1. Only loop residues by DSSP count here, and only those with at most 10 other Cβ atoms within 10 Å; note down the chymotrypsin sites (Phe, Trp or Tyr not before Pro) in the stretch 35-97 that meet that.
2. With a probe of 1.4 Å, find how much accessible area the chain has per residue, and write the answer as a whole number in Å².
3. Under the rule of -39500 (n - 2.57) per DSSP H run of 4 or more residues, summed and divided by the residues of the chain, what mean residue ellipticity at 222 nm is obtained, to the nearest 500 deg cm²/dmol?
4. Under a 5 Å amide H to amide H cut-off, with H placed in plane at 1.01 Å, what residues pair with Ser242 once short-range neighbours are removed?
5. For the chain, with the dipole built from +1 on Lys and Arg beta-carbon atoms and -1 on Asp and Glu ones, taken about the Cα centre, which of Ala21, Thr283, Gly223 lies farthest toward the positive end?
6. How high is the relative contact order of the stretch 363-417? Use alpha-carbon pairs under 8 Å, at least six apart in sequence, and give a whole percent.
7. How much length, in nm to one decimal, is gained on full extension between His276 and Val97, taken as 0.36 nm per residue of separation minus their Cα-Cα distance?
8. Run the numbers on the chain and let me know its relative contact order in percent, using alpha-carbon pairs under 8 Å that are six or more apart.
Amino acid sequence: MGMTMTQKILAAHAGLEKVEAGQLIEADLDLVLGNDITSPVAIKEMEKMNVEGVFDKDKIALVPDHFVPNKDIKSAEHCKCVREFAYRNEITNYFEVGEMGIEHALLPEKGLTVAGDVIIGADSHTCTYGALGAFSTGVGSTDMAAGMATGKAWFKVPGAIKFHLVGKPAPWVSGKDIILHIIGMIGVDGALYKSMEFVGEGIRNLTMDDRFTIANMAIEAGGKNGIFPVDDTAIAYMKEHSQKEYTVYEADADAVYDEEYTIDLGALRPTVAFPHLPENTKTVDEIGEDIKIDQVVIGSCTNGRLDDLRIAAKVLSGKHVAKGIRCIVIPATQAIYMQAMEEGLLKTFIEAGAVVSTPTCGPCLGGYMGILAEGERCVSTTNRNFVGRMGHVKSEIYLASPAVAAASAVAGKIACP
């Protein structure tokens, strides 16, 4: 009985020839990540351990991004805690305001995540880096503390679900539509503690930004991680962004999967997740009624990358946001912000009546830069639409791609380009 791609990575990092689903292992870590919300808790836990320093100052990344630039005194105190810890321990990869971005867009851009790595992060969307063929998963702050102290973490080896992606997406269908379709199909617990392993010839028709989006939302199906094979597109990305050595792992031909699905990308349509779960999906053709909105958010660790901004700008070019609609655009990193500025995308957004924010998680978690009032509706390119996620418990969030979000901003209701 062979191993899946994820199982091979975990076996190598545990120093074992073979692992199987359900097995408990201790694995070496290549990177430990924390942000301004989760890191202070981990830092306090480290203090209780009475450990001297961190296991490797080059293998820890601290990214203040959720409430940054600080929105209030409490968030400022959290960032101060992280900043002082980073300086005290000479953390190489600490990213201050002006350098930082949304963590899951920033780390691949900075070359800190590559194929074959084992990465933990005290943020549930750490599974993003599976797009590059890494095993990456979210953990609690206590596990982050142990990881920073020892460079190791315990895992229960996950079983796996295989998703065969075939065909080529139609215009305006993106990685966001693909993962929303999958979550709608299997449910928010359909991959509970499983590795979501994506294979098939259709992958060659997906950009890296598409793949990051799909891997990012594996957790929204309950997945332990999402992972893609390492092809020429992934290798080109790593060579452009990273100096790190990478290792390519491939699943065995006789690897065991709990379930297998085939997704015809050419048959998919732009998809929207209705409140209050990512599984409540409808294609734009199935909505059948006018759903008027108050706000649009284009950004986040899911859809704040350059491809996302280009698509949104293409839809908004020469048009204007509908009267009474607030449209907020958030580039995910400073580099993306700069490139968007050089390409004229920011000018397009502003001329269309949108506002452009510095990189931040901000509204995604109900932090700031777009909190919803009672009864308000938002079309958002973020990853969660739980009750109260973006503000008032009686507000509503509709998850969608940048194309649908931009078109909705112009229409004043959920719409497709």
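1. none
2. Averaged over the residues of the chain, the accessible area is 38 Å².
3. After summing the helix terms and dividing by residue count, I get -9000 deg cm²/dmol.
4. none
5. Among Ala21, Thr283, Gly223, the one farthest towards the positive end of the dipole of the chain is Thr283.
6. Rounded, it is 31 percent for the stretch 363-417.
7. My answer for the length gained is 61.2 nm.
8. Taking the mean separation of contacting Cα pairs over the length of the chain, I get 18 percent.
The values are calculated or read from the model by the stated rules, or taken from the named source; none is laboratory data. Please read all numbers here as calculations on a predicted model, not as lab measurements. Every residue, glycine among them, receives a Cβ derived from its backbone with ideal geometry; neighbour counts consider all protein chains shown. When the accessible area is computed, the model is the full protein with side chains, heavy atoms only, and any ligands, DNA or RNA have been set aside. Shrake-Rupley method; radii C 1.70, N 1.55, O 1.52, S 1.80 Å.
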